[in-house]
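Encoded as structure tokens, the structure appears first; notes follow it.
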Amino acid sequence: PDPVRDDRIGNQPHPRQLVGNLGECTRHVEIRGDDDQRRAALLAGPAPGLDRVADSVKRQVVEIDLFGVYYCNRAVVPHMMAQKYGRIVNIASVVAVAGQPGYLHYVATKGAVLAMTKGLAKEGGKDGVRCNVIAPGFVITDATKNRPVEWQQSFLKARAISREQRPDDLVGTALYLL
């Protein structure tokens, strides 16, 4: 069975259901994948090689991190284009350009979000729809806070400013882009 159906993405309602009547959509749409399933897929840890990650885990990550973003955009962009105004901020990851061994399924989804956002910006720009993407580095979240310290430190050492990054650090950037 296809995990992305017309009415659901994984265990979550399809963005069209969250938006309801697109004519009433004036602020924003938020969709979250099943946090427990996504967390489990990421907490499974790195799995070198393409075949060491279970297909079910790869599908779950792609379903949420790629299709979730795609369908959210698809649900609101036509309305934004019709009203000649809209602001979209998608979230990718630095791994989309830097790579990350052992998480190729995740890297692929974030690369796809980056590319999709660039295309959508060109497509919607003529109609006043501004579409940007934030690609943060390693962020301390529920899914990453229990990773080995050495693993976390490897990301911190690669930064110009070597400090932990938290979700709140991204808020100002997102608000500016809106």
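Tabulated data for the structure shown
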quantity	calculated
Efficiency of FRET between Ala54 and Ala115 - r from beta-carbon atoms, R0 35 angstrom, step 0.05	0.85
Burial order of peptide ranges 157-165, 118-126 (average beta-carbon count within 10 Å, highest first)	118-126, 157-165
DSSP-loop chymotrypsin sites (Phe, Trp or Tyr not before Pro) across the stretch 61-137, with at most 16 other Cβ within 10 angstrom	Tyr85
Coil-residue trypsin sites (Lys or Arg not before Pro) of the stretch 62-101, DSSP, other Cβ within 10 Å capped at 16	Lys84
Arg52, Arg166, ranked by accessible area, largest first (probe 1.4 Å)	Arg52, Arg166
Amide H within-cut-off set for Arg87, under 5 Å, with H built and near neighbours excluded	Arg130
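The values are calculated or read from the model by the stated rules, or taken from the named source; none is laboratory data. What you are looking at is a predicted structure, and each value in this text was computed from that prediction instead of being measured. Note that we place each Cβ from the backbone using ideal geometry, even for glycine, and neighbour counts take in every protein chain shown. Accessible surface areas use protein heavy atoms only, side chains included; no ligands, DNA or RNA. Shrake-Rupley method; radii C 1.70, N 1.55, O 1.52, S 1.80 Å.
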